[in-house]
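First, the structure itself, so that you have it in front of you.
The values are calculated or read from the model by the stated rules, or taken from the named source; none is laboratory data. Here the structure is a predicted model, which is why all the values come from computation and not from measurement. As a convention, Cβ positions derive from the backbone with ideal geometry for all residues, glycine included, and neighbour counts pool all protein chains shown.
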Amino acid sequence: MNKIIFILLSLAFAAYGYQTSVAVLPSDGTVLNNDELEALTDKMRLAALKVLPANAFVLLKQDVVIRRLGGAENYIKECSESTCIVNLGKKAQVDYVAQASVGKLGNKIRLKVELYNVSTEGLIGMLSDEESENILGLLSIVEKRVPAEVFSKIPGASVGSKAAPFVPVAGGISGLEKTEDYEFGGGKRYLVNLNTEPSGALLSFNGIPASGCPKTPCKIELGEGNVRVIVALEQYETTDTTVSIKQNNQNIAITLKPNFGILEIKPAYSDGIGKDKQWNLSINDKSYSMGEVRLSPKKYAVKLNHECYENISFDVGINKGKREVFDMARNISLKKGGLALSAEKNGEPASEPVFVNGKRVGDTPFSDAVPLCSKIEIGSSMEMVNVDLKYNDKVRYVHKLGETYSYYTPQRSEVEKPSNTSFWVGLGLDILGAAVIYAGYLKDRDMMEARDKYDVSGMSSSYYNNTWEGAESNRNSRNVLYAIGGVLLASGVWVHIWF
């Protein structure tokens, strides 16, 4: 009889005395000192206690965690050799494991918190990309957000409230009922189609990720009844909901709430200057494309730079569901360089009109600040001035009129036309090439006339051979002349194009 009572007490303890174990690993990061890391770990533990009832959960003490990992030195070795805290959770022999890690971005400290189900190795809670100026800001973030956004993802947690007080169990055995016969089959299961808007969200079912349905859209078999579904997607609020599974091919659609704001920056130019070159955008020292950028709610440092414009820097605060528009047109300023421009015509100094981006700005000798990416022209024929301006520096340049000029076609912008010498060289090659090709044509014509003149049937063999050799010689000469003429003609065309 005593043996039966002992067995029943053991079963009762197993049924009612088991508590889910949770470990908070020491915080990791080289940007904080040991005291600051310890304070961050303590704040993580307090955040867990807020939502994990003491009668259902046990939060391991730090010395117990370190001891199970083989001591402080072994823990440091494990942390340096492994990037996955799940392995540390397995060594600590717990059901769930969490850790806070810190890094640095610019002058700010970045916080990341991860919570894993050790048995499934699934990530069930995370807080990332949170930044602060100092450790006090990080502690405030952990206190306000980690309980609800991380530890509440553990099944059985008290969402939105403090941990339930421990209620002692009355001694003795009571309420013992006869166990009914077991029914085989395990309940009905249904095929469920699960989708989210937007798609690509990570999923877990009753706290456990499913390998066959890791993210939306997907299909999965679920048991009949209520199922807790947690949906997580970067830049969207994590959705924790319960769905009722009651029929086959059931469709479940979940709309995620955005957790981002939009920064809109459209490129602008002054009179089209530098439009063929690209604006570069960086936000918190990370490159982005111009246009609309989705950002998590917080403050950002924005930088814009362009070869032709002064650098632009500003700070922007992004709020969830809000759009911030930066008006570039009102904030751009052209980079400038000094230009001292003189003109010579026929070896003599000349006074000629000067044009910058199509507008007359004065006459030579000209001295003033000019935008770096400007089109500078001179004279009544508006010859292109090929001068390289320097940012915040002065350049002296003498333009000799008549040596070069520019022209415009719809297919290409300003192009330098060859000097007079180059033009005549190219023209001479063209004429010489055409003459050589014509000489080849004459050779070919003579050969054709000789063939028509002579009657092959009446020739002796020796005379025929001489005639044949003469025709072959003419044919070879013609081919050589064609080749030489073609090369000369192509050379002339090349001089016209490139010089």
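Is it fair to say ASP327 is among the acidic types (Asp, Glu) and under 22 Å from ILE273 (Cα atoms)?
Considered against the rule, which asks whether it is among the acidic types (Asp, Glu) and under 22 Å from ILE273 (Cα atoms), ASP327 comes out as yes.
OK, next. Taking the residues in the range 86-144 that are in contact with a Phe, Trp or Tyr (Cβ under 7 Å, 6 or more places away or on another chain) and assigned to a helix (DSSP H, G or I) as candidates, determine which candidate is nearest to TYR300 (Cα to Cα).
VAL86
Let me ask something additional. What pairs come up if the first residue lies in the range 19-34 and is in contact (Cβ under 8 Å) with a residue 60 or more places away in the chain and in a strand (DSSP E or B), the second is small (Gly, Ala, Ser) and surrounded by 21 or more Cβ atoms within 10 Å (Cβ to Cβ), and their beta carbons are under 7 Å apart, counting only those six or more places apart or on different chains?
Short answer, once both residue conditions are applied: VAL22/ALA48; ALA23/GLY89; ALA23/ALA92; VAL24/ALA48; VAL24/ALA98.
Could you figure out which of (1) at pLDDT 75 or above; (2) more than 41 Å from the chain's Cα centre (by Cα) isn't true of GLU38?
(2)
Still on this structure: Can you find even one residue in the range 348-356 that is of a type in the set (Ser, Thr, Tyr), touching a residue at least 24 places away in the same chain (Cβ under 8 Å) and outside the structural domain of GLN278 (by TED's automatic domain parsing)?
Within the range 348-356 (the criterion being of a type in the set (Ser, Thr, Tyr), touching a residue at least 24 places away in the same chain (Cβ under 8 Å) and outside the structural domain of GLN278 (by TED's automatic domain parsing)), the answer is no, since none of the residues qualifies.
Let me ask something else. Give the range 328-347 a look and list any residue that's exposed (fewer than 13 other Cβ atoms within 10 Å of the Cβ) and touching a residue at least 24 places away in the same chain (Cβ under 8 Å), or say none.
Answer for the range 328-347, where residues must be exposed (fewer than 13 other Cβ atoms within 10 Å of the Cβ) and touching a residue at least 24 places away in the same chain (Cβ under 8 Å): ALA329, SER333, ASN346.
List the number of the failed condition for ILE141; all other conditions in (1) β-branched (Val, Ile, Thr); (2) surrounded by 11 or more Cβ atoms within 10 Å (Cβ to Cβ); (3) at pLDDT below 85 hold.
(3)
Okay, moving on. Residues to consider are VAL293, VAL243; find the one that is surrounded by 15 or more Cβ atoms within 10 Å (Cβ to Cβ), under 25 Å from ARG189 (Cα atoms) and not assigned by TED's automatic domain parsing to the domain that holds LEU372.
VAL243
Can you name every residue in the range 187-233 that is in contact (Cβ under 8 Å) with a residue 60 or more places away in the chain and part of a loop (DSSP other than H, G, I, E, B)?
If the condition is that a residue be in contact (Cβ under 8 Å) with a residue 60 or more places away in the chain and part of a loop (DSSP other than H, G, I, E, B), then GLY207, PRO209 are the ones that fit.
Of all residues in the range 239-286 being hydrophobic (A, V, I, L, M, F, W, C) and assigned to a loop (DSSP other than H, G, I, E, B), which is nearest to VAL356 (Cα to Cα)?
Once the filter is applied, the top-ranked residue is ILE273.
Are any residues in the range 359-386 out of contact with any Ser or Thr (no Cβ under 8 Å at 6 or more places or on another chain) and either at positive phi or charged (D, E, K, R) (or both), and if so, which ones?
LYS359, ARG360, GLY362, ASP368, LYS375, GLY379 - these are the residues of the range 359-386 that are out of contact with any Ser or Thr (no Cβ under 8 Å at 6 or more places or on another chain) and either at positive phi or charged (D, E, K, R) (or both).
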